[in-house]
Amino acid sequence: MSATASLGARSAKVKPMRSLPLRSHLMVWLALMALLALTAGSSFVPLGTFNVVVNFTIAAIKAALVLVFFMHVARGEAAVRIAAAAGLLWLGFLFALSFVDILARGH
């Protein structure tokens, strides 16, 4: 069996994803816009180093919304969920290292 025939046999097993209704897309978009406004507004509030914690938390929420609703990670296959979890773990490491770097610099 050739490589393309094997690929065709595997792709026949994949179930198509059901698209979300327009209302769900609009609600997620509104949530993302509200979080964007919250991020922009938080830059004007003098919270010191806590401002970084607030903005990282908002960024993590926005990333989770995109992953779940637009990338369909929650309804994906196991390999997709494992790859997404590994990416989130790596993102967590980057957030933690960035936060430690900001705290270590001092003002």
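The values are calculated or read from the model by the stated rules, or taken from the named source; none is laboratory data. Just so it is clear, the structure is predicted and the values come from calculations on it, not from any experiment. Because the Cβ atoms are built from the backbone with ideal geometry, glycine has one as well, and the counts that use them run over all protein chains shown.
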Flag if VAL68 is within 27 Å of MET33 (Cβ to Cβ) and part of a helix (DSSP H, G or I): yes
Unique residue being in the same structural domain as ARG105 (by TED's automatic domain parsing), without any contact (Cβ under 8 Å) to a residue 40 or more places away in the chain, out of contact with any helix residue (DSSP H, G or I) (no Cβ under 9 Å at 6 or more places or on another chain) and not β-branched (Val, Ile, Thr) when the list is LEU89, LEU30: LEU89
Test: MET17 is out of contact with any helix residue (DSSP H, G or I) (no Cβ under 6 Å at 6 or more places or on another chain) and modelled with pLDDT under 80: yes
Number of the condition not met by ARG75 [criteria: (1) part of a helix (DSSP H, G or I); (2) out of contact with any Phe, Trp or Tyr (no Cβ under 8 Å at 6 or more places or on another chain); (3) surrounded by 11 or more Cβ atoms within 10 Å (Cβ to Cβ)]: (1)
Exclusive hit being under 17 Å from the mean Cα position of the chain (by Cα), in contact (Cβ under 8 Å) with a residue 12 or more places away in the chain, surrounded by 14 or more Cβ atoms within 10 Å (Cβ to Cβ) and more than 30 Å from LEU20 (Cα to Cα), set PHE95, PHE99, PHE69, PHE56: PHE95
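For the stretch 43-65, how many residues are assigned to a helix (DSSP H, G or I) and either over 24 Å from LEU88 (Cα atoms) or aromatic (Phe, Trp, Tyr) (or both)?
Number satisfying all stated conditions: 2.
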